[in-house]
Amino acid sequence: MQTPWITVRTRRFSMRIDRRVPPVLLLTLLTTLAVMVINMGVGEYPIGPLDVMKTVLRLPTDNSDYDFIVNTLRLPRMLVAALVGLALGISGAIMQGLTRNPLASPDILGISAGAGFAAVTLIVVVRSVPAGVIPVAAFSGALITALLIYLLAWRGGDSPIRLILIGIGLGAITNAMTTLMITFGNIHDVQRALIWLTGSVYGRSWREFWALLPWIVLFVPLAFLGARDLNTLNLGEEVARGLGSRVPIQRGLLLITAVALAGATVAAAGTIGFVGLMAPHIARRLVGPDHSGLLPTAGVTGGVIVVAADLVGRTIFAPIELPAGLVTAAIGAPFFIYLLYRQQSR
Amino acid sequence: MTTLSASQSRPVRLTRARVLLVVGLPICLGLLVLAMMSSIAFGAADIAPADVWAALVNFDASSTNHLIIRTLRVPRAVIAALVGAALGVAGALMQGITRNPMADTGILGINTGAALGVVGAIFLLKISSLTLYALFAFAGAALTASAVYTLGSLGRGGPTPLKITIAGAALTALLSSLTTGVLILNQRTLEEVRVWLAGSVAGRDLNLLLQVTPYLGIGLLVALALGRQITTLSLGDDVAQGLGQRTGWVKGLAALCVVLLAGSSVAVAGPIGFVGLVIPHAVRFFVGVDYRWILPYAVLAGATFLVASDVAARLVLRPTEMPVGVMTALIGGPFFVYLVRWKVKR
């Protein structure tokens, strides 16, 4: 009989992943690429999919404008969207694993709100901010919020429910302070800050891409390394400790990873809501609950969601563009409701 | 014999408690008057107390100071008091009928729903009539309230505080991103509503207050009349039904009051959160669990709290002033966090 696992064993390293992971991963990756190509083709200046691919690969095309439109304007936007989705999916999967609550995600826990507050304050108060600084501020905001949530929820032990409720409370406080910034700011800064807060990849250039990339390169592998710890932690604190996990350290590392990924996405594209919630659930349906397969799948699924949301936002009311965050919220809220329903009817 | 002694001793204790409760009401009223007087006395322009008094009792239309007092400060204090009373009572009703200590019109998204109603009306229907604002605020509040309650009670186990709170947070996320979406599409709307969206009682139109006064009045009166029924209901649905209460009617009426109160306060002052959360808890601490007393005290305490917060919001950042909604969130948010730590044991 065929086992449901693929086992990799070398002398110093062994791992096993669900048999479904490679084909699912490949398929979702291909979908992402396809949606990206379509998305780069549509717009005020439509370009055929074949030409888009040729231009991205720097092959000669018949129109010299294509290079500017695709490689300078549309490609960085797509890459930012895909990376943001990747980071959000992984961050959400880690948070759901850590809190053992299927409703956890960076936006519901208020971590995105913390990142948003830090970044809006920077935009409105300092005004001319270099692009590299905003991710750092957003990360600090997210980290401080996450630590506060964790500390405040700690009462002789942690509880997933307290974590979520305290996250909601802190989110309300930080949102109030963000509102304060919005009320005082110069109207143009405020408009900019608002667009950015809703979550949009509009007008993102290579600058934002390069500001986001280091965070992804650093923290995504860290997340994958933590997948196995996440599996043990997911069994509950007592069991994990009994299995020899150093619970506080592992949990701390995973939390920082999830927060860093969430904070970096807020800095690059604002709060794109519900992706961190949806992607892990879809991925769990596709490849099962084992985190070594779940994390990458959740990441790629998140990428598809954000890129597709951007495509929908650009085309549905063209020429007016809706922010991608609005589209994800519109699909995400019903999804959330479905989750609430399913969780309770079990 | 035992019944006799019980019936003899009970009136004595009740009377003492009742005397305290009756004496407490004028004291609270006195505090409210004090808060309103200070709200009228303090402000951007320094006006001598004697002049303030003169403006109230002996109005002189040629004096700028008198005009400031009469046209700006008095309406502001009155609006703050009425909105505070409405929010306090709405919170008490919600906490009573859902038996959810974390219920609040802000946390559960009802304010956000009302705000979206108004923003949507301004943007889509180009409405600028004050009466219609209020109607759209009611519609938004009613839809959101019923949505949150329905979603929170999906599945087995009925509406638990946790489920309702999480459903509220999710809907808040969705609705506020929709509001932001509308505001991004239209800068003029943003300019019109951004201060209103922060929740503020500054520079409000007294006409608008007059428009919603009937709804506000009906909401308050019905709520006060429901005190006995809410007390029974707060013992639990089963107990209330066993005592012969038609719980559906009571809940429906109470929900109607919440919608009227929250909708009119949002229409006048924008979404102001946390008043409905803090006030009922503070009142219950002093008054006990009898809603016949909780509700009138919530009227006075809510009014005093919002007027005082408004004075504080004017004083902390002089010479600019903070929207009072931010102030209440900064006071109430930590209280919510404390409440979660205290109440959620799991």
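The values are calculated or read from the model by the stated rules, or taken from the named source; none is laboratory data. Because the structure is a prediction, the values reported are computed rather than measured. FYI the Cβ positions are ideal-geometry reconstructions off the backbone, even for glycines, and counts take in every protein chain you see. For the accessible areas, the whole protein counts, side chains as well, though only heavy atoms, and no ligand, DNA or RNA atoms are used. Shrake-Rupley method; radii C 1.70, N 1.55, O 1.52, S 1.80 Å.
Observations on the model:
- When peptides B:92-101, B:299-308 are ranked by their average number of other Cβ atoms within 10 Å per residue, the highest-first order is B:299-308, B:92-101.
- Counting only other chain Cβ atoms within 10 Å of each residue's Cβ, the peptide A:321-327 averages 3.
- Under 26 Å between alpha carbons - lysine pairs in the protein assembly as shown that sit 8 or more apart or on different chains: 4
- Note on residue B:316 and residue B:241: their simple-model spin labels are 4.6 nm apart, each label 7 Å out from Cα toward Cβ.
- Kyte-Doolittle mean at least 0.5, axial Cα span of 24 Å or more - DSSP H helices of chain B: B:2-41, B:74-98, B:130-152, B:161-185, B:206-225, B:247-269, B:291-316, B:324-343
- Electrostatic dipole magnitude of chain A [Cβ: Lys, Arg +1; Asp, Glu -1; Cα centre; debye, to 20]: 1120
- In chain A, the DSSP-assigned H stretches of four residues or longer account for a calculated mean residue ellipticity at 222 nm of -23000 deg cm²/dmol, using -39500 (n - 2.57) per stretch and the full residue count as denominator.
- Taking a point 7 Å out from the Cα of residue B:29 in the direction of its Cβ, the residues of region B:220-235 whose backbone N falls within less than 20 Å of it are B:220-227.
- Between residue B:18 and residue B:126, full extension at 0.36 nm per residue minus the direct alpha carbon distance yields a gain of 33.6 nm.
- Full-extension gain in nm, residue B:58 to residue B:285, via 0.36 nm per residue minus C-alpha separation: 77.6 nm
- Carbon/sulfur fraction of accessible area - chain A, other protein chains in place, 1.4 Å, %: 68
- Per the accessible-area calculation with a 1.4 Å probe, the total area buried between chain A and chain B rounds to 4100 Å².
- Near the amide H of residue A:16, within less than 5 Å, lie the amide hydrogens of A:8, all on another chain or at least 5 residues away, with H placed in the peptide plane.
- Residue mean of other protein chain beta carbons inside 10 Å, A:262-273: 1
- Highest average first, the peptides B:313-326, B:73-86, A:55-68, A:16-29 ordered by how many other beta carbon atoms sit within 10 Å of their residues are B:73-86, B:313-326, A:16-29, A:55-68.
- Rounded to the nearest 20, the Cβ-based charge dipole of region A:95-234 about its Cα centre (Lys and Arg +1, Asp and Glu -1) stands at 20 debye.
- For region A:211-344, the per residue solvent-accessible surface stands at 37 Å², with DNA, RNA and ligands left out and a 1.4 Å probe.
- If only the Cβ of Lys and Arg carry +1 and only the Cβ of Asp and Glu carry -1, the dipole of the protein assembly as shown around its Cα centre is close to 2160 debye.
- Ranked packing of A:85-97, B:286-298, B:232-244, most packed first, by mean Cβ within 10 Å: A:85-97, B:286-298, B:232-244
- Members of region A:169-197 that become less accessible by 40 Å² or more once partner protein chains are added (1.4 angstrom probe, chain alone as reference): A:173, A:176, A:180, A:183, A:184, A:187, A:191, A:194
- Alpha carbon centroid spacing (whole Å) that separates region A:263-297 from region B:34-63: 58
- Ordering A:190, B:131, B:260 by Cα displacement along the dipole of the protein assembly as shown toward the positive end leaves B:260 in first place; charges were set at the Cβ atoms of Lys, Arg (+1) and Asp, Glu (-1).
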